[in-house]
Amino acid sequence: MRLAPVVCIVLPIVSACESAEIVSAGVSCDGDVATFALETSLPVEFATVYSQETGNPTPQYADEHELPTDGESRTLELTLETGDASPNPNRSTLFSCPGHHGAPEGIMTYAYRIYDGDGVLADCLVQGHDPAALIDGTNERVSEPPDAAELADCRELFGTY
């Protein structure tokens, strides 16, 4: 895996280098609409969220969407229509509210990834029902995450959305 270059600031006495990190991530539901929110430590050029229903029997459905970025903001949001039998990337998802996203029994797992201007992974976070199953691909799924090998070094959070 290529590591993302860091941003370095050199001042007369102090030198500091930073790489963008995910500060917080989550999904919320309002009726039939799901909103993915991502906060980063620095602006990023590209961000994605991959969702998998790890709490349901196999084969498990999954989808990926891009969070809109402007290269300047540290707060990214994507709103999707839910429960769409023919989902459209970045517009709608097969998964419903609250049956999947935000379900009290916690059946969803999410992989958030951010990339720098060169397209290099800067940070990733997997959270939800079963991060290990999403990362390792232990559960049969209908669609694989793009660049699945990148997930190996993701931070994991259990049971949080």
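The values are calculated or read from the model by the stated rules, or taken from the named source; none is laboratory data. Predicted model only: the values in this text are computed from it and were never measured. Using ideal geometry, Cβ is built from the backbone for each residue, glycine included, and neighbour counts are taken over all protein chains shown.
Can you tell which of T75, T109 is within 13 Å of the chain's Cα centre (by Cα), closer than 27 Å to P43 by Cα and either surrounded by fewer than 13 Cβ atoms within 10 Å (Cβ to Cβ) or among the polar types (S, T, N, Q) (or both)?
Working: T75 fails: within 13 Å of the chain's Cα centre (by Cα).
Being within 13 Å of the chain's Cα centre (by Cα), closer than 27 Å to P43 by Cα and either surrounded by fewer than 13 Cβ atoms within 10 Å (Cβ to Cβ) or among the polar types (S, T, N, Q) (or both) holds for just one of T75, T109, which is T109.
Residue pairs whose Cβ atoms lie under 6 Å apart, separated by 6 or more positions or on different chains, with the first residue in the stretch 79-106 and among the aliphatic types (A, V, I, L, M) and the second part of a loop (DSSP other than H, G, I, E, B), are L80/T93; L94/Y61; L94/P87.
Just one of the listed residues (E66, E77, E140, E105) is modelled with pLDDT of 90 or more and over 15 Å from A34 (Cα atoms), and it is E140.
I'm trying to understand the selection: among the residues of the stretch 78-92, which are among the hydroxyl-bearing types (S, T, Y), more than 16 Å from the chain's Cα centre (by Cα) and surrounded by 15 or more Cβ atoms within 10 Å (Cβ to Cβ)? Scanning the stretch 78-92 gives a single hit, T82. For residues that are of a type in the set (V, I, T) and more than 21 Å from E21 (Cβ to Cβ), scanning just the stretch 33-64, find the one that is nearest to the chain's Cα centre (by Cα). Per the stated criteria, the residue is T35. All conditions in (1) at pLDDT 90 or above; (2) farther than 23 Å from H129 by Cβ; (3) out of contact with any Lys or Arg (no Cβ under 7 Å at 6 or more places or on another chain) hold for C8, with the sole exception of (1). Note on the stretch 105-125: residues that are in a loop (DSSP other than H, G, I, E, B) and in contact with a Pro (Cβ under 8 Å, 6 or more places away or on another chain) total 3. Quick one: would you say I114 is modelled with pLDDT of 90 or more, surrounded by fewer than 21 Cβ atoms within 10 Å (Cβ to Cβ) and either under 19 Å from G26 (Cα atoms) or not β-branched (V, I, T) (or both)? No, not satisfied.
T40 satisfies every condition listed in (1) at pLDDT below 90; (2) surrounded by 14 or more Cβ atoms within 10 Å (Cβ to Cβ) except (1).
Only residues that are surrounded by fewer than 19 Cβ atoms within 10 Å (Cβ to Cβ), out of contact with any Gly (no Cβ under 8 Å at 6 or more places or on another chain) and within 17 Å of H100 (Cβ to Cβ) were counted across the stretch 134-161, and they come to 3.
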